[in-house]
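Any read-out appearing in this document is the output of simple, stated calculations on the displayed coordinates, not a laboratory observation. In this text the structure is predicted, and so the values were computed from the model without any measurement. Note that each Cβ is placed from the backbone with ideal geometry, even for glycine, and that neighbours are counted across all protein chains shown.
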């Protein structure tokens, strides 16, 4: 029976390759994560979301799984995973695995069998089709660009891959696939894992008949999201998986829900639906500009996040996040890394963290990490980056312009090794790191920020403590105030247990703010990133990137 413990959780996402290396090979591993559990417990997080550590050829850094029930040797052994579970549970913490259900690696035994012959019993476990007019079966474009179909010379057919060509899509229409995946999920839950973040869950259903995608621009391969994302019937797959696995355990399930709108969210996470507990929505990604020095549209951000808060206010629950392994660092997009680094990192933190939902922190976010520095196109390690660089070169862009754009947008920005101290390689490894450390690590690191009271790290720790001790900040109603203010994001959290006002200036310019129902004499500053205002005049002006969390009398 589910208890909803995840509503009170604070989730910390670990990208294991970059978190902590225990053996000097330059790659983070499970023993390294075990070494750092004291830090995570000190910080106050209660759930670890562990990115894929399964056996994999690493074409897409672990999101191409060749064995769902084994650990990649670079990360350790199954015994290490068992010890991690034991240590987390001993500390009152939990472990959520990143589960890739839409596709496998082309090295998975299922796919090796599937491509061995057209009459192999596992042929229909993947999506195989004949070509058309000497080319692929349709015009679908891969999310990683190029055709979504790869030719198999041995069997004379194409297979579908929505991501890299080494990530063939499973055929979820086949009940044998669904049965096998549910059995694998139960195997992990019986081992004691506390839940899953489900990768690409909205892509498991494809449009019947695999029609061409609309292509008004006449492209060789057309974006086909409407043909393989949120296709009617995908929730039937989620229903069956929940019924045959998740519903039998007291676990947390989070879907990566590209394409799901706020209006559709309750169908995925409504309490009476019995499907998923939360989804990670993509809508606020649309505000991220690829151009430097483009300011955040604060009003648009308020509109988007408030829409999600209200959509799930009565039935359902939000997953709250700003960063993950697929995004550059938010501080480099919406903050100010030069003049107001601490202020902008903490204002963004307070803004999202105290809404109704479960907050997620991506490793290094709690330090105020910014994008790294790339000096050459050879610095990148991400398959998506390789493909993007190749396309830009083919379009005639010179390498200097490509480097400038990739430095802003590349996923490698968030995958640099975790900076633990100001020693060699930021304390991450005694060897050569798989991806260069961020050059800011001498100042931006765990050891330095733990000792500095006015640090981004200690602000996050205070945020977690405040949310943990004040139930209204976890469960109270959300109400937006100052809706049209161009600089300030402010909202109330209210319940019978109390009332809090969260006020964040998300710009580098001072902003005036007042809410007549709450005169300054009747509020108590519980957390802020500037000294406490002294009088009514100071209470009415928010300094650059100032954040205040006030308890209202």
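Rounded to the nearest 10 degrees, what's the angle between the helix 298-311 long axis and the longest principal axis of the chain, both from Cα atoms, 0 to 90? On a 0 to 90 degree scale, this one is about 70. Report summary: the helix-based calculation at 222 nm, which adds -39500 (n - 2.57) for every DSSP H run with n ≥ 4 and divides by the residues of the chain, gives -8000 deg cm²/dmol.
When Rg and the Kirkwood Rh are both derived from Cα coordinates, the Rg/Rh ratio for region 476-552 amounts to 0.93. Separation of region 150-198 and region 480-509, taken as the distance between their Cα centroids, equals 43 angstrom.
In terms of its C-alpha gyration tensor, region 305-458 has an oblate overall shape, because the principal axis ratio a/c (a ≥ b ≥ c, square roots of the eigenvalues) is not below 1.5 and a/b does not outweigh b/c. Note on residue 286 and residue 113: the extension gain reaches 58.2 nm, defined as 0.36 nm multiplied by sequence separation minus the Cα-Cα distance. Footprinting exposure proxy ranking of 484, 356, 307, fewest other C-beta atoms within 10 angstrom first, gives 484, 307, 356.
The ellipsoid that matches the Cα gyration tensor of region 301-389 has semi-axes, each √(5λ) in whole angstrom, of 28, 18, 11, with the longest given first.
Extension gain for residue 465 to residue 130 (0.36 nm times residue separation, less C-alpha to C-alpha distance): 114.8 nm. What is the Cα centroid distance between region 27-42 and region 284-351, reported in whole angstrom? Result: 28 Å between the Cα centres.
Taking the number of Cβ atoms within 10 Å of each Cβ as an exposure proxy, the fewest-first ranking of 545, 246 is 246, 545.
With an 8 Å Cα cut-off and a minimum separation of 6 or more residues, compute the relative contact order for region 70-172 in percent. Can you show the working numbers first?
On the way: 144 pairs, mean separation 24.5, N = 103.
Reported relative contact order: 24 percent.
The relative contact order of region 476-552, computed from alpha carbon pairs under 8 Å that lie at least 6 residues apart in sequence, is 33 percent.
Expressed in nm to one decimal, what extension gain is obtained for the pair residue 310 and residue 484 from 0.36 nm per residue of sequence separation less their Cα-Cα distance? Show your work: numbers first, answer last.
Details: separation 174, 0.36 × 174 = 62.64 nm, distance 1.73 nm.
Extra length available between residue 310 and residue 484 comes to 60.9 nm.
Give the value in nm², to one decimal: projected area of the alpha carbon convex hull of region 109-160, averaged over all directions. Provide the component values of the computation, followed by the final result.
Details: hull surface 15.1 nm².
Its Cα hull, projected and averaged over all orientations, spans 3.8 nm².
One quarter of the surface of the convex hull around the alpha-carbon atoms of region 382-485 equals 11.7 nm², the direction-averaged projected area. Of all the Cα-Cα pairs you can form in region 419-467, what percent are over 15 Å apart? I get 49 percent for the Cα pairs in region 419-467 exceeding 15 Å. Label-to-label distance for residue 236 and residue 154 is 3.3 nm, based on points extended 7 Å past Cα in the beta-carbon direction. Where the centre of each part is set by its Cα atoms, how far does region 415-440 sit from region 67-142, in angstrom? A separation of 30 Å, based on Cα centres.
Assuming R0 = 30 Å, can you tell me the calculated FRET efficiency for the pair residue 7 and residue 534, based on Cβ-Cβ distance, to the nearest 0.05?
It comes out at approximately 0.20.
Using equal-weight Cα scatterers in the Debye expression, the normalised intensity of region 96-212 in log10 at q = 0.09, 0.15 Å⁻¹ is -0.25, -0.68.
In which sequence would 383, 493 go, from the one with the fewest C-beta neighbours within 10 Å to the one with the most? Let's see the in-between values first.
On the way: 383 20, 493 26.
Sorted ascending by nearby Cβ count, the order is 383, 493.
Here the contact order of the chain, divided by its residue count and restricted to Cα pairs under 8 Å and six or more residues apart, works out to 13 percent.
Convex hull volume of the Cα atoms of the chain, normalised per residue: 152 Å³.
Legend: translational diffusion of region 64-136 by Stokes-Einstein, Rh = Kirkwood radius over C-alpha pairs, 20 °C, 1.002 mPa s; D = 140 µm²/s. Cβ-Cβ distance of residue 179 and residue 272, R₀ of 25 Å, FRET efficiency by 1/(1 + (r/R0)^6): the value works out to about 0.45.
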